[in-house]
Each structure stands twice: as C-alpha cells, then as structure tokens.
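Reading through the structure tokens given below for one structure.
The values are calculated or read from the model by the stated rules, or taken from the named source; none is laboratory data. Just so it is clear, the structure is predicted and the values come from calculations on it, not from any experiment. For neighbour counting, all protein chains shown are included, and Cβ atoms are generated from backbone atoms with ideal geometry for every residue, glycine included.
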Amino acid sequence: MKYLITGSAGFIGFHLAKELLKNKKNKIYGLDNLDNYYSTKLKKKRVNILKKQSNFKFLKLDLSNIKEIKKLYRIDVDILFHLAAQAGVRYTAINPSKYIKSNIVGYYNLLNYIKKSKVKYIFYASSSSIYGDNKKYPVNEKMEAKPKNIYAFSKVSNENCSKLFSKIFGKKFIGLRFFTVYGEWGRPDMLIYKYLNFARKKRLFYVNNFGKDYRDFTYVGDVISMLKLLVKKRSKFKDHDIFNICSNKPIETKKIIQLLLQSFPGKVKYVKANKIEMLKTHGNNKKILAFTKFKRISDFEEKFFACINWFKKNKNLFN
Ligand SMILES: NC(=O)c1ccc[n+]([C@@H]2O[C@H](COP(=O)([O-])OP(=O)(O)OC[C@H]3O[C@@H](n4cnc5c(N)ncnc54)[C@H](O)[C@@H]3O)[C@@H](O)[C@H]2O)c1
C-alpha cells in the first residue's frame with residue numbers, strides 16, 4: 001500500500017512512518033517543511049532514521065505554498081495521513097498567523113492535491129483542544145466544539161472543511177482528535193521534555209494553574225496501533241467520521257511534576273491559569289475502542305520512565 005504522511009519529521013508522523021515502513025510492501029512518502037518551531041536537529045534526526053529504509057521517500061515541502069503543492073501531483077497514494085500542522089497552544093499568543101497559514105491555508109492547499117489524486121482515504125489530525133472547557137467529562141465525539149485559542153479554531157476549521165469536501169469529492173475523511181500524545185522522540189514544547197530540557201539547562205520551569213490542570217496522556221505506541229487498526233477497517237467508514245484518540249485516564253499536572261522532580265531534579269514555580277489553555281482534557285474512548293477492538297492502553301508510569309531514559313540518551317537533540 002502507498003501512503004503519504006504530512007508532518008513526517010514530526011513526533012506522531014515519524015512514529016507512524018517508522019511503523020508502516022516495517023512492511024516492505026508499503027511505500028511511504030513523507031512530507032515536511034522542517035520548520036524551526038522546535039529543534040530542527042531533532043526533526044532532521046527523525047527524517048534520517050526514516051531515510052535509511054529503501055521504501056521511504058522524503059519531500060521537503062511547505063503546505064502553505066500553493067506552488068510547492070503542485071510537486072505532489074505526480075505522486076499517487078492509497079492513503080493520506082495529514083499530520084503536519086503548527087501545533088501547541090501557548091505559541092498562539094506569540095505567532096497566531098502561523099496557525100492560519102500552516103493549518104488552514106496549508107490544509108486548503110492540500111485539498112487541491114486530494115481532489116486531483118486517486119487517494120480515497122484521508123486521515124487528518126484534529127485535537128482535544130476543540131472541546132474547550134466543559135462541565136461534563138469525559139468528552140465524546142458528539143459534543144459541541146468550544147475552541148479557546150486559534151490553534152483549536154484552526155482544527156475546528158479543518159473538521160468543517162473535511163465534512164464539506166468528503167461530500168463534494170466523494171472521498172472518506174477521518175478526523176483524529178489526539179489527546180496529549182507522549183513517548184520517546186516526543187515534542188520539546190510539551191510538558192515532559194520541556195521540563196527535562198529546562199532542568200538540564202538549570203532554567204526555572206513555570207507550571208500553569210498551580211499544577212491543577214488534568215491531561216489525558218496517551219502513549220504514542222497506542223496511538224500508532226489505533227491508527228493501523230483504523231486503516232485495516234477503512235471499508236467501514238462513513239463519508240466523514242471522527243474519533244477521540246485517547247486513554248480515558250487523565251492525570252493531574254502536579255503528579256507529573258512530582259515524578260519529574262524525583263527523576264530529574266530541577267526548579268519549578270507554580271503560577272496562575274492563563275486564558276488560552278484548557279483546564280482539563282479527558283476523552284471518552286468508547287468509539288475508537290469499539291471500532292478498532294484495541295484493548296491495551298499502556299501503563300503511564302512505565303512509559304513515563306521510558307521517556308526519561310530516552311531523554312538522557314538524546315538530550316543533544318534539544319535546543
Ligand atoms: N502530540 C499531541 O499531543 C497532539 C495533540 C493533539 C493534536 N495533535 C496534532 O497532531 C499532529 C501531529 O502532531 P505532532 O505532535 O507530531 O506535532 P509536530 O510539531 O511534532 O509535527 C508536525 C510537523 O508538521 C510540520 N509542519 C508544520 N507546518 C508545516 C507546513 N506548512 N508544511 C509542511 N510541514 C509543516 C512540522 O515541521 C512538524 O515536523 C498535528 O496536526 C497536531 O496539531 C498532536
């Protein structure tokens with residue numbers, strides 16, 4: 001099977017490509033613009049690992065540039081995973097236009113390719129952020145979107161676009177609402193590696209909302225298993241479908257900070273909540289578990305320590 005994975009130099013895209021490359025009958029095209037939102041050294045290292053496989057081809061391309069998209073027209077794939085995006089919530093306060101450019105314009109440009117090519121199944125990344133703050137948890141796929149920041153807004157826009165174009169193009173679009181994905185090779189802007197990198201540099205680490213936020217930490221290995229199972233069951237999709245990709249096991253930030261301080265000492269300061277971050281993410285995962293029959297959600301502490309060990313060996317990849 002032929003796949004195109006956008007954001008293949010990124011955390012989830014890298015893991016997905018690495019897993020799919022194990023089947024030598026698969027051909028994977030990986031696309032990324034290698035932007036410098038976080039360490040390009042880490043992104044390039046991921047790409048170099050993928051390039052060692054003969055069934056992988058890397059395309060350095062910026063989705064927000066319509067001219068560059070045209071280079072894709074020669075490539076035909078069966079399945080597209082659109083994982084490229086400007087990720088992160090805090091950065092929305094620094095560079096909001098980047099979210100419009102990469103996530104909204106970039107996706108719209110990619111739709112030109114989708115329209116012209118033979119690709120039938122489009123799996124695209126959405127986010128738990130679309131839910132905003134709620135009174136009832138866990139949140140399920142039928143609940144209303146209440147974005148609190150421009151990142152969440154860009155993902156709601158992607159979902160709406162996908163619903164519309166699934167009808168117009170007659171192709172299947174499957175939205176993946178990821179909840180705080182963590183694991184080896186993870187993102188330097190997210191809690192675990194951000195803290196570890198600050199501690200390594202002896203920098204003071206600020207903890208939002210006095211550590212009282214909850215996040216539904218979801219191990220990247222579980223995510224990749226779920227994605228593979230979704231591909232297997234692709235004949236069962238409606239035109240447009242959406243899945244929460246989560247553990248349904250929220251953990252308080254304070255608890256993670258305690259674990260981090262015990263394993264890699266550093267300095268933290270608890271500060272009040274800001275307006276853009278969600279107080280809690282906690283997803284209902286009944287739909288994805290019933291659809292894929294995936295059962296074994298990884299043990300958080302076991303995988304957390306795997307992250308610490310991975311960081312100790314790879315800290316040179318962080319800025
Ligand atoms: N990791 C999580 O916890 C999480 C949670 C919710 C949603 N998501 C979404 O899942 C997807 C993958 O997330 P990730 O954690 O792997 O993020 P990531 O930042 O590691 O990967 C995204 C990749 O997209 C690339 N990219 C950005 N703009 C681009 C553009 N204009 N053209 C081409 N490439 C571009 C980046 O260089 C990066 O390598 C993203 O869409 C993200 O918003 C992730």
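Data overview
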item	result
Any hit, segment 186-203, residues being at pLDDT 95 or above, farther than 26 Å from VAL139 by Cβ and within 15 Å of the chain's Cα centre (by Cα)	yes
Strands (runs of 3 or more DSSP E) wholly inside segment 1-120 that include at least 3 residues being modelled with pLDDT of 95 or more and within 24 Å of SER166 (Cα to Cα)	2-6, 27-32, 79-82
Failed item, numbered, when ILE192 is tested on (1) touching a strand residue (DSSP E or B) at 6+ places or on another chain (Cβ under 7 Å); (2) surrounded by fewer than 19 Cβ atoms within 10 Å (Cβ to Cβ)	(2)
Residue ID - surrounded by the fewest Cβ atoms within 10 Å (Cβ to Cβ), chosen from residues in segment 117-151 that are among the acidic types (Asp, Glu) and under 16 Å from ASP241 (Cα atoms)	GLU144
Matching residues, segment 98-145, being of a type in the set (Gly, Ala, Ser), at negative phi and away from the ligand (no atom under 12 Å from the Cβ)	SER117, ALA145
Residues located in segment 250-270, provided they are closer than 22 Å to ALA152 by Cβ and surrounded by fewer than 16 Cβ atoms within 10 Å (Cβ to Cβ)	GLU252
Single residue of segment 35-86 satisfying the filter (of a type in the set (Ser, Thr, Tyr) and more than 15 Å from the ligand (Cβ to nearest atom)) that is nearest to GLY186 (Cα to Cα)	SER54
Residue check, TYR113 touching a residue at least 12 places away in the same chain (Cβ under 8 Å) and closer than 21 Å to GLY30 by Cβ	yes
Any strands (runs of 3 or more DSSP E) falling wholly within segment 187-276 and containing at least 2 residues that are within 29 Å of PHE123 (Cβ to Cβ)	240-245
Qualifying position, being in contact with a helix residue (DSSP H, G or I) (Cβ under 8 Å, 6 or more places away or on another chain), under 28 Å from TYR3 (Cα atoms) and of a type in the set (Val, Ile, Thr), among THR292, THR253	THR292
Only listed residue being buried (at least 18 other Cβ atoms within 10 Å of the Cβ) and touching a Ser or Thr at 6+ places or on another chain (Cβ under 7 Å), chosen from ARG187, ARG215	ARG215
Residues of segment 183-216 classified as small (Gly, Ala, Ser) and in contact with a Cys (Cβ under 8 Å, 6 or more places away or on another chain), total	2
Close pairs (7 angstrom Cβ cut-off, 6 or more residues apart or separate chains): closer than 14 Å to VAL223 by Cα in segment 175-201, part of a loop (DSSP other than H, G, I, E, B) and among the polar types (S, T, N, Q) anywhere	PHE179/THR281; THR180/THR281
